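For reference, the structure is listed below as structure tokens.
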Amino acid sequence: MRLVFAGTPEVAVPALDALIASGRHEVAAVVTRPDAPAGRGRRLVASPVAQRAEEAGIEVLKPHRPRDEDFLARLREIAPDCCPVVAYGALLPRVALDVPAHGWVNLHFSLLPAWRGAAPVQHSIMAGDEITGASTFLIEEGLDSGPVYGTVTEEIRSTDTSGDLLTRLAFAGAGLLAATMDGIEDGTLKAVPQPADGITLAPKITVDDARIDWAAPALRVDRVVRGCTPAPGAWTTFRGERLKLIHVAPVPERTELAPGALEVGKNNVYAGTGSYAVELLWVQAQGKKPMKAADWARGVRISSGESLGTEGTV
């Protein structure tokens with residue numbers, strides 16, 4: 001088939017690579033978000049997908065909105081049979097959805113209908129799911145509600161951050177998306193409507209969502225830290241300033257600490273929760289680089305009775 005691939009961030013690059021490497025389909029063009037400011041100089045930088053497409057000599061389209069008439073006109077000229085999508089980042093209007101004969105097929109990082117929305121991987125970890133996966137589905141105008149072509153499953157490990165899990169799903173999903181294109185072309189794959197039950201939503205994780213509630217159980221604290229790593233980053237407060245939590249570990253045998261209370265040993269830092277303590281392993285203070293929590297604690301000289309998260313909103 002003649003394809004136009006839509007995607008923007010690094011997580012979409014493995015799927016683009018898989019389609020280029022398949023040799024069975026032609027990636028005629030790539031659609032991605034416009035160049036965005038990045039780095040200290042806020043210089044405009046092309047998206048990872050745009051950079052990969054340019055390396056491969058593929059035409060890159062960067063509409064400000066997918067309903068822009070010049071973009072739609074070029075899309076009609078290319079006349080794709082299908083448009084595979086991975087994390088493009090903009091809503092597609094009906095006028096664009098109608099261009100390819102086989103529609104726009106999205107690779108979504110959950111087992112639909114679970115975790116429809118912008119942050120499925122983060123929500124699956126924060127909810128304590130043991131299994132997740134990726135799905136390919138035909139895009140409709142509803143939120144991730146279209147019929148499903150195929151899925152792959154992936155175990156969520158007890159130490160997975162959302163970054164770890166998303167990386168594995170990006171590569172597993174790339175193979176699924178390529179196989180879905182093959183099945184659509186040869187007519188062996190039909191999309192199946194999603195069940196009406198089991199629907200959960202995964203809206204974008206906000207900074208407020210990433211704030212640690214020390215009255216919550218230790219497992220919940222651990223899941224929020226892992227689910228919010230690397231972005232937006234779990235955080236708490238210490239002496240009125242934000243402290244980012246990068247890695248913690250539940251310690252079931254330590255039940256004596258009150259929620260948020262700190263205890264510092266020679267090489268360990270513990271914080272109480274609503275159940276048992278967690279050990280702080282890696283943290284990042286405001287204006288500082290990530291560091292081992294024990295090094296941070298030595299630097300700030302924590303006094304007996306000090307706690308995390310006791311100040312008002314920062």
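Every number in this text was worked out from the coordinates using simple rules, so none of it is lab data. Just so you know, these numbers come straight off a predicted model, no measurement behind them. Cβ: placed from backbone, ideal geometry, glycine included. Neighbour counts: every protein chain shown.
Structure summary
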{"read-out": "Distance (nanometres) between label positions extended 7 Å along Cα→Cβ at residue 186 and residue 51", "value": "3.6 nm"}
{"read-out": "The chain - charge dipole about Cα centre, Lys and Arg +1 at Cβ, Asp and Glu -1, debye rounded to 20", "value": "1160 debye"}
{"read-out": "Most fluctuating residue given options 173, 183, 142, as computed from a GNM of the chain linking Cα atoms under 10 Å", "value": "142"}
{"read-out": "DSSP-defined antiparallel bridges as percent of all bridges, the chain, nearest 5", "value": "70 percent"}
{"read-out": "Segment 61-105: radius of gyration and largest Cα-Cα distance (Dmax), Å", "value": "9.7, 24"}
{"read-out": "Length-normalised contact order of segment 120-235 in % [C-alpha pairs under 8 Å, at least 6 apart]", "value": "33 percent"}
{"read-out": "For segment 193-314, alpha-carbon Rg and Dmax in angstrom", "value": "15.4, 59"}
{"read-out": "Cα pair distances of segment 96-169 binned at 5 Å [whole percent]", "value": "3, 17, 28, 21, 14, 9, 5, 3, 0"}
{"read-out": "Range of Cα positions in segment 93-216 per principal axis (Å), largest first", "value": "53, 28, 24"}
{"read-out": "Over segment 1-66, relative contact order from alpha-carbon pairs under 8 Å, at least 6 apart, %", "value": "36 percent"}
{"read-out": "From the C-alpha gyration tensor of segment 1-109, square roots of 5λ in Å", "value": "21, 17, 12"}
{"read-out": "Hull shadow area, averaged, segment 35-88 [alpha-carbon convex hull, nm²]", "value": "4.7 nm²"}
{"read-out": "Percent breakdown of C-alpha pair distances by 10 Å bin, ordered from the shortest bin, for the chain", "value": "6, 24, 28, 20, 14, 7, 1, 0"}
{"read-out": "Relative pair counts by distance (%), Cα atoms of segment 224-292, 10 Å bins", "value": "21, 54, 24, 1"}
{"read-out": "Under the Karplus curve 6.51 cos²θ - 1.76 cosθ + 1.60, θ = phi - 60°, whole-Hz ³J(HN,Hα) for segment 195-209, x wherever Gly or Pro sits", "value": "x, 7, 9, x, 6, 10, 10, 10, x, 3, 6, 8, 4, 5, 4"}
{"read-out": "Equivalent-ellipsoid semi-axes of segment 158-265, from the Cα gyration tensor, Å, largest first", "value": "40, 15, 14"}
{"read-out": "Span-rule helices in the chain, defined as complete DSSP H runs reaching 30 Å or more along the axis (Cα) with Kyte mean at least -0.5", "value": "162-186"}
{"read-out": "Radius 14 Å from Cβ of residue 35, net charge of other residues (Lys, Arg +1; Asp, Glu -1)", "value": "+3"}
{"read-out": "Hz values of 3J(HN,Hα) by residue in segment 144-156 - Karplus curve (6.51, -1.76, 1.60), Gly and Pro given as x", "value": "6, 9, x, x, 9, 8, x, 9, 10, 10, 8, 6, 8"}
{"read-out": "Under 20 Å from the Cα of residue 289 - lysines, other chains or at least 8 residues apart", "value": "244"}
{"read-out": "The chain, relative contact order in percent, only Cα pairs under 8 angstrom and at least six apart counted", "value": "13 percent"}
{"read-out": "Among 120, 14, 252: highest mean-square fluctuation, GNM of the chain, C-alpha pairs under 10 Å", "value": "252"}
